Amino acid sequence: MKEIPHGEWRFWYAQHKGTLLAAVLFAVMFVIYVSNHPAGFTPNVVQTASNKAALLAFVAMAQCFVVITAGIDLSVGMILILCNCLASWLVVGTPFETALGVAAVLLTGLACGMLNGLIIIFGRLQPIVTTIATSAIFFGLALLLRPTPGGAVNETLADAFTSKLFGIIPASLVVLAATLLIFWVPFSRSILGRAAYAAGSAENAAYMSGMPIKRAKFASYALAGLMSAIGGLYLTFFSYTGEAAFASGNAYTLYSIAAVVLGGVSLAGGKGGAVGAVFGALAFRTIGDLLFVFDLDPLWQPLFQGVVLMLAISIGSMGLARVRNRLEWFQ
Amino acid sequence: MSEDASLMRRSGLPARLRRVDPAVAIAFGCVLLLLLGGSIYSSNFLSPDYLLQQLKVASFLGVIATGMMMVILIGQIDLSVPWVVAAGAMMACAATAYGGVGSFLAIPFGILCGAVIGAVNGLAVAYLRIPSMIITLATNAVVQGLMVVYTGGFAPQDSASPAMRFLATGYVISPIPNGVLVWLVVGILAVFLLVRTTFGRSLYAIGNRERAAYMSGIDTRRITLLAFVISGALSALGGVLLAGYASKASQSMGDAYLLPSIAAVVLGGTHVLGGKGSYLGTVAGVILITLLQSILSVMQIEEAGRQLIYGVVIICMLLLYGRQKLV
C-alpha cells in the first residue's frame with residue numbers, strides 16, 4: 001500500500017466529500033431507525049432493510065455510471081422492469097437452465113444499455129430524449145413478456161440471494177459489495193473510467209487530448225444496462241414474479257436520480273462515484289423505513305420522502321453563499 | 001430592371017424555403033404521411049369529424065407542451081408535469097365543493113395552484129441554482145405527497161364544475177371543440193410572447209448562453225422564474241381541461257403527459273438544450289404524437305406494440321434531424 005504523503009488527505013477528502021456525506025447521512029438515519037425499531041439491531045432487521053435497499057442501490061449504481069459522463073439514463077427503471085419480466089420466464093428449472101437464464105437476463109440488460117449508448121454516441125442524440133424513447137421500447141417489450149403479473153423463479157436461488165450468509169450478513173449486501181468491486185472499482189481506475197470522468201468534466205478538452213471518449217461513454221451506458229439488469233434479477237428474487245408495471249419502472253428511474261444526487265454525484269458530470277450513489281440509495285430507502293418506526297400514517301410517506309429529497313438538494317446550493325462574482329452563478 | 005426583379009424573384013423563393021426550419025417541415029411531413037397511411041387503412045381518417053376529434057385530444061397535450069417549451073427554450077426541463085397536471089385537476093375539482101363561488105373560481109384556482117408549484121420550481125432553479133432536472137423531480141414528489149395526503153390515497157370524490165366540462169367538451173363555435181379554442185388562445189399568446197416581447201427574446205438568449213444574456217443586461221433569474229411559472233400554470237390548465245373532459249380528477253392522470261410533452265417539443269425541432277425552436281414546430285410535434293397514438297389505437301395494436309412503435313418512431317425521427325454537431 002502506498003503511503004499517503006503529508007497533507008495529501010485534503011485532496012482525498014475533497015474528492016470523496018460527497019461520498020462521505022452520503023455515508024454519514026445514511027449512518028445517522030439508520031441508527032435512528034434501528035434504535036427506534038421494536039426488534040432492535042438484529043440480523044433480521046438488517047436483512048430486511050438491505051434487501052429493500054438493494055434494488056434501488058443497483059439502479060443508483062447504474063445511473064451513476066452514466067451521470068459521471070454528464071449524461072442521464074431515464075431508461076434504467078424500464079430496463080429493470082424488462083429484466084424482471086424476462087427473469088420470471090427464464091430463471092427457472094434445473095441449475096444449468098437457471099444459470100443460462102441468469103446469463104440471458106444479464107446479457108439482455110447489457111444489450112439494452114449498449115443500444116442506448118450506440119444511439120447516443122453514434123446517432124448523436126441527447127441522452128434525455130433518447131433514453132425516454134428507449135424506455136418506451138423496453139417497457140413495450142416487458143409488456144409483451146408479461147401483460148399480466150405472473151411467472152416464477154428458481155426459489156432456491158432466490159432465497160440464497162436474499163437470505164443471510166453465516167446467519168449474520170445479508171446476502172444482498174454481499175452481492176452489492178461484490179458488484180462494486182467487480183465492476184465499479186476496475187472501471188473507475190481504468191483508462192475508460194478516467195475518460196468517462198474527463199468526458200463529464202470537460203468533453204472538448206478530453207477529446208482534444210485524445211482520450212477514448214466514445215468508448216468510455218459506450219462502456220458507461222452498457223454497464224448501466226447491466227447494473228439495472230442485476231436490479232431486475234433481484235426484483236424477481238424478492239417477488240417471485242414478473243410484472244410490467246409502468247408506475248414502478250418510472251419510480252425506479254426517478255428514485256435512482258434522487259439517490260445519485262443524495263450520494264454526492266454531480267448531475268453536471270465528472271464528480272462523485274458509485275459508492276456514494278449506493279449510500280445515497282440506502283439513505284433514500286431508510287427515509288421510508290423511518291416513517292414506519294415512528295408510526296406515521298403511510299399516506300404521509302410520499303410527502304415525507306419528497307420533502308427530505310428537497311431539503312437534501314437545497315443543501316447543495318449552499319455553495320452560492322461563497323460566490324464572490326455574480327458571473328459564477330452561470331458556471 | 002426587370003432582369004433584376006426576376007433574379008430577385010427567382011432567388012427569393014429558395015431563400016424563403018431555406019428559412020423554413022427543416023425540423024418543422026419534416027415534422028409536418030410526417031403528420032401528412034401519418035394521415036395518408038391512416039386513410040389507406042380507413043377512409044374515416046380524412047373526415048373532418050375525425051380530424052376535429054384528434055385536435056380536441058391534442059389540445060390537452062398542446063397546452064401542456066406549450067409550458068414545457070418555454071422551459072426547454074431556456075435549457076431547463078420540467079419533470080414536475082405529471083403531478084402538477086393532477087394537482088391542477090384535483091384542486092379545481094376540490095374548489096367546486098364550495099358551492100357557487102367555488103364552482104366559479106374552480107378554473108382560476110386550479111391554474112393558480114399550478115403557478116405556485118411552478119414558482120417553487122423557478123425560485124429554486126433561478127435563485128438557488130439547483131439543476132431543474134432535480135428540483136422539478138423533488139417538487140413532483142412533494143406535490144404527489146400532498147395530493148396523496150389530501151385525497152387519502154383514493155381518487156378524489158369531487159367532480160368537475162360545469163364550466164370545466166364546458167371548457168373541455170363544449171362548443172362555442174359549432175364544429176370546433178372548445179378545447180381546441182383554448183389551445184388556439186394559448187398558442188397565439190405563446191407565439192406573441194416568443195416573437196414579439198423581450199421576454200420571449202430573453203428566453204432564447206438565456207437558452208443560447210446564460211452568461212452572455214446576463215452580461216447584456218437581461219434579468220436572467222426573473223425570466224427563468226417566469227418561464228417555470230408559465231409552465232406550471234399551463235400544466236395545471238391542461239389538468240383542468242382533462243378533468244373537465246373526464247368530469248373528474250384521478251391519481252395518475254398526469255403520468256401519460258410527461259414524456260409526450262417533452263417528445264412533442266423536441267420532435268418539433270426545439271433544441272433540448274435550449275435557445276432554438278419555434279412554436280409552429282411544437283404544434284407539429286403535438287399533432288404528430290396525438291395522431292401516432294390515435295392510429296396505433298385504431299389499428300387495435302396492443303399497448304405493448306404501441307409503446308414499441310412509439311419509441312422506435314421517436315428515435316427514427318430524431319435521427320432524421322435531431323442530431324447534434326460533433327465535438
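Rounded to the nearest 20, the size of the Cβ-charge dipole of segment A:109-228 about its Cα centre is 360 debye, with Lys and Arg at +1 and Asp and Glu at -1. Given in Å, the Rg to one decimal and the Dmax to the nearest whole number for the Cα atoms of chain B are 20.7, 78. Roughly how many Å is it from the Cα centre of segment B:203-217 to that of segment A:254-305, as a whole number? Here the two parts' Cα centres lie 34 Å apart.
Contact order for chain A, expressed relative to its length and based on alpha carbon pairs under 8 Å spaced 6+ residues apart, stands at 34 percent. Note on B:Asn44 and B:Ala246: the model spin-label points, each 7 Å out from Cα along the C-beta direction, lie 2.3 nm apart. Panel values: segment A:52-178, Kirkwood radius from alpha carbon pairs, Stokes-Einstein at 20 °C and 1.002 mPa s, translational diffusion coefficient 135 µm²/s. What's the FRET efficiency of B:Arg222 with A:Phe122 using the Cβ-Cβ distance as r and R₀ = 35 Å, to the nearest 0.05? Once the sixth-power term is evaluated, E becomes 0.30.
The modelled label-to-label distance for the pair A:Trp9/B:Leu51, using points 7 Å beyond Cα in the direction of Cβ, is 7.5 nm. Quotient of the Cα radius of gyration of the protein assembly as shown and 2.2 N^0.38 Å, N being its number of residues: 0.99.
Structural descriptor for segment A:178-331: relative contact order 18 percent, calculated from alpha carbon pairs under 8 angstrom and at least 6 residues apart. Mean sequence separation of contacting Cα pairs (under 8 Å, at least six apart), scaled by the length of segment B:18-143, corresponds to a relative contact order of 22 percent. Rounded to the nearest 0.05, what FRET efficiency do A:Ser201 and B:Ser174 have when you use their Cβ-Cβ distance and R0 = 60 Å? My answer for the efficiency is 0.50. Checking the cross-link pairs A:Lys17/B:Lys276; A:Lys214/B:Lys276; A:Lys214/A:Lys271 against a 28 Å limit on the alpha carbon distance flags A:Lys17/B:Lys276 as lying beyond it.
Globularity index of chain A is 1.00 (Cα radius of gyration / 2.2 N^0.38 Å, N = number of residues). Averaged over the residues of peptide B:144-151, the number of Cβ atoms from other protein chains lying within 10 Å of each residue's Cβ is 4. Counting only Cα atoms, the size of segment A:1-98 along its three principal axes is 57, 43, 30 Å, in decreasing order. The magnitude of the dipole of chain A, with charges of +1 and -1 set on the Cβ of Lys/Arg and Asp/Glu and taken from the Cα centre, is near 1080 debye. Per-peptide packing, taken as the mean over residues of other Cβ atoms within 10 Å, places B:93-104, B:77-88 in the sequence B:77-88, B:93-104 from highest down. Note on segment B:63-108: Rg/Rh from C-alpha atoms, Kirkwood Rh, equals 1.17. When only alpha carbons are used to place a centre, segment B:93-166 and segment B:67-90 end up 12 Å from one another. Across segment A:83-125, Cα-Cα pairs farther apart than 13 Å form 57% of the total.
Two tests apply to each whole DSSP H helix in chain A, Cα reach of 27 Å or more along its axis and mean Kyte-Doolittle hydropathy of at least -0.5, and the ones passing both are A:9-36, A:43-67, A:95-122, A:213-239, A:274-293. Considering only B:Val195, A:Gly232, A:Ala54, and ranking their Cα positions along the charge dipole of the protein assembly as shown that arises from unit charges at the beta-carbon of Lys, Arg, Asp and Glu, the one farthest toward the positive end is B:Val195.
Net charge dipole, the protein assembly as shown: roughly 2000 debye, given to the nearest 20, about the Cα centre with Cβ charges of +1 for Lys and Arg and -1 for Asp and Glu. Calculated from the alpha-carbon coordinates, segment A:174-291 shows an Rg and a Dmax of 15.9, 51 Å respectively.
Residues B:Leu234, A:Leu180 in ascending order of nearby Cβ atoms (within 10 Å, fewest first): A:Leu180, B:Leu234. With a 10 Å cut-off around each Cβ of B:260-272, the average count of Cβ atoms from other chains is 2. Largest GNM mean-square fluctuation among A:Asn36, A:Asn84, A:Asn154, using chain A with Cα springs under 10 Å: A:Asn36. Cross-link partners among aspartates and glutamates for A:Lys52, C-alpha distance below 16 Å, same-chain residues fewer than 8 apart left out? Correct list for A:Lys52: A:Asp159, A:Asp289. Quick note on segment B:240-300: its Rg to Rh ratio, both from C-alpha atoms and Rh being the Kirkwood radius, is 1.06. Among the residues of B:122-128, the average count of other protein chain beta-carbon atoms within 10 Å of the residue beta-carbon is 2.
Going by neighbour counts of Cβ atoms within 10 Å, the residues B:Trp183, A:Trp300, A:Trp89 line up, fewest first, as A:Trp300, A:Trp89, B:Trp183.
Of the options B:Leu318, B:Gly239, B:Leu288, report the single residue whose Cα projects farthest towards the positive end of the charge dipole of segment B:237-327 (beta-carbon charges: Lys, Arg +1; Asp, Glu -1). So the residue we want is B:Leu318. Cβ crowding within 10 Å, taken as a proxy for footprinting-reagent exposure, orders A:Phe139, A:Phe246, A:Phe26 from fewest neighbours to most as A:Phe246, A:Phe26, A:Phe139. Modelled this way, with points 7 Å down the Cα-to-C-beta line, the labels at B:Ala212 and B:Arg196 are 2.7 nm from one another. Out of every Cα-Cα pair in segment B:127-286, what percent are more than 28 Å apart? Here the tail beyond 28 Å accounts for 32 percent of pairs. FRET efficiency for the A:Ile168 to A:Asp295 pair, using the beta carbon distance and R₀ = 41 Å, is estimated at 0.90.
Let a ≥ b ≥ c be the square roots of the eigenvalues of the Cα gyration tensor of segment B:49-145; is it rounded (a/c under 1.5), or, if not, prolate (a/b larger than b/c) or oblate? Because a/c hits 1.5 or more and a/b fails to exceed b/c, segment B:49-145 counts as oblate.
None of the figures in this text is laboratory data; all of them are computed from the coordinates on show. None of these values were measured; they are calculated from a predicted model. Reconstructed Cβ throughout: ideal geometry from the backbone, glycine too, with neighbour counts over all protein chains shown.
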